[in-house]
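Let me begin by presenting the structure, written as structure tokens, before commenting on it.
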């Protein structure tokens, strides 16, 4: 992993949760075990982007050709390294990024995810639409809609080329001609099965 990311470990510090009452952090055992809640600041390819630090902050010393993408004060807390013949990318963030997905929701982390998707060639859906992923085999597709927002979202699904359309769990689908109007509740997933 050191070679893949082009770094070696420099420091590791626990970080407090935002707010006054921790939800999951154990009590401090001694003074200075935790630093105050903070964000990592973007640099290089993530310039102008931030990331809420969760649980810990790890910093690195660059030993290879990686590029810093997050900083904590003046220390490198995230890198990206080009790998493979097809110019793939290996991203390393010095915090537990996923922990803030639903616990401490913020536009800061959503902006980071959207920026990463864009830089990695993944289509970025409009903020007002649920995230769509697809699984397909000949003659059959599963459209997976995920709503990570705090409110219901609606997606319009064109089904004119499909003879059978149904919801994976049997929920009713609202049809308007060749479109399905799919309503996805907050923090929910819906799957539409399409068959030729």
Most exposed first, judged by fewest Cβ atoms within 10 angstrom, 31, 162 run 31, 162
For the stretch 131-195, averaging the sequence separation of alpha carbon pairs under 8 Å that lie six or more residues apart and dividing by its residue count, the contact order in percent is 43
Listed with the fewest Cβ neighbours within 10 Å leading, 158, 188 appear as 158, 188
Descending packing, highest mean Cβ count within 10 Å first, for 40-51, 6-17 is 40-51, 6-17
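Can you give the FRET efficiency for residue 61 and residue 4, using 1/(1 + (r/R0)^6), R0 = 22 Å, r = Cβ-Cβ distance, to the nearest 0.05?
The calculated FRET efficiency here is 0.90.
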DSSP beta bridges in the chain: the antiparallel percent, rounded to 5, is 95
Rounded to the nearest 10, the angle in degrees between the Cα long axis of helix 107-119 and the longest principal axis of the Cα atoms of the chain comes to 70
Neighbour-count ranking for 1, 97 (other C-beta within 10 angstrom, fewest to most) reads 1, 97
Residue span residue 163 to residue 110: 0.36 nm per residue of separation minus Cα-Cα distance leaves a gain in nm of 15.4 nm
For semi-axes √(5λ) of the Cα gyration tensor in Å, with candidates (i) 29, 21, 14; (ii) 39, 22, 13; (iii) 29, 18, 13, the value calculated from the shown model is option (ii)
Full extension between residue 21 and residue 87 adds, at 0.36 nm per residue less the Cα distance, a length in nm of 19.4 nm
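Where a number appears in this text, it was derived from the coordinates with a stated rule and is not lab data. All values reported here derive from a predicted model rather than from experimental measurement. Every residue, glycine among them, receives a Cβ derived from its backbone with ideal geometry; neighbour counts consider all protein chains shown.
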